[in-house]
Amino acid sequence: MRSAMIFGKNKSLACFNAKPSAEYRVVCFPCAGGGASMYRSWSEHLPDAEVWAANYPGRESLHSEPFAESVHAIVEQFSQQSDFFREKNVVLYGHSFGALVAFLTAHTLQQQGVGVLGVIASARRAPHLDPELKITELSEDRFMAELERLGGLPEAIRASEEMMAFYLPVIKADLKLNDEGKSTSDQILNIPVYLYSGTEDKVASVSELAAWKSSTTSRFEHKAFEGGHFFIQDRAPEFLASMRTVLATLTQEDGEDLIAF
């Protein structure tokens, strides 16, 4: 039976299915324009984890707050909750813009002495790289054309004028932070980083993905799935099966290698 939805102390973290007996948590950070509900169903597919999902200002549980002015302001709202991240072992996951937020949050927690088991990222260039093109500096027509080319809007949103009108300001606000935000040369993790990408995704090139290797002094692995930017939805069963394997590896105590990634 699904439990009631619960929130962290400032409502920036939500859990749709609490599992008090779970030994670890997975905290998931959404893509540009996304919210915690993006990960509503994941708890069913990650049975050993208590899945928490992040919200950024200006949507869902934080809909009354103004959009963040920097990615570091977003990271701060999570790093201020260090007690939450100390309660259980935790793995951070982020898709696209969320991958940057996950990485920077992990590094901030690392500086605070909070032990994160690993970071799982998908569909984004390495955190220290500038974008080839700052999409939010384009004219409105070129912005929409580029967003369409990159596959940066789910079909459900593209098909509805009402949803486009609602989500587009949110997406633009996040993409501006994604254009401007990056890690510095001394922001290196000491925990494993696992990267997923889509073979047809135009958001990040092969070299931009490979550059994630320099983001950690620990283990780095990369796996590609067939599909575009939202392969995590289009190939959800296969993707989540692979993620279960990664989580099992990160949370096991005997240090064995991955069975299959």
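Read the figures in this text as sums done on the coordinates, not as results from a lab. The structure displayed is predicted, hence computed values, not measured ones. Note: ideal-geometry Cβ built from the backbone for every residue, glycine included; neighbour counts use all protein chains shown.
Odds and ends about this structure:
- For Ser96, residues with placed amide H under 5 Å, excluding near neighbours: Ser122, Ala123, Arg124
- 24 Å Cα cut-off, lysine pairs counted over the stretch 1-154 (separation 8 or more, or different chains): 5
- Backbone phi angles across the stretch 9-26, fed through the Karplus curve with coefficients 6.51, -1.76 and 1.60 (θ = phi - 60°), yield HN-Hα couplings of 5, 10, 6, 7, 10, 10, 10, 7, 8, 5, 10, x, 8, 5, 7, 8, 10, 10 Hz in residue order; Gly and Pro are listed as x.
- Within-14-Å neighbourhood charge of Gln80 [Cβ basis; K, R +1; D, E -1]: +1
- The stretch 6-251, relative contact order [Cα under 8 Å, separation at least 6], %: 19 percent
- Cβ crowding within 10 Å averaged over residues, with 118-128, 137-147 ranked highest first: 118-128, 137-147
- Radius of gyration, Dmax [the stretch 155-261; alpha carbons; angstrom]: 16.8, 52
- Considering only Tyr194, Tyr56, Tyr93, the mean-square fluctuation computed in a Gaussian network model of the chain, springs between alpha carbons under 10 angstrom, is largest for Tyr194.
- In sequence order, calculated HN-Hα J values of the stretch 211-217 (Karplus, 6.51, -1.76, 1.60; Hz; x Gly/Pro): 5, 4, 4, 7, 7, 9, 8
- Note on the stretch 9-82: along the principal axes its Cα atoms extend 36, 24, 17 Å, ordered by decreasing extent.
- Cut-off 10 Å between beta-carbons: net charge of the residues surrounding Ala99, Lys and Arg +1, Asp and Glu -1: +2
- The stretch 196-243 and the stretch 92-115 have their alpha-carbon centroids 17 Å apart.
- Relative intensity of the chain on a log10 scale, I(q)/I(0) at q = 0.10 Å⁻¹, equals -0.45, per a Debye sum over C-alpha point scatterers of equal strength in the absence of solvent.
- About the centre of its Cα atoms, the chain shows a dipole size close to 380 debye [charges on the beta carbon of Lys, Arg (+1) and Asp, Glu (-1) only; nearest 20 debye].
- Interchain or long-range residues, amide H under 5 Å from Leu189's placed H: Thr216, Thr217
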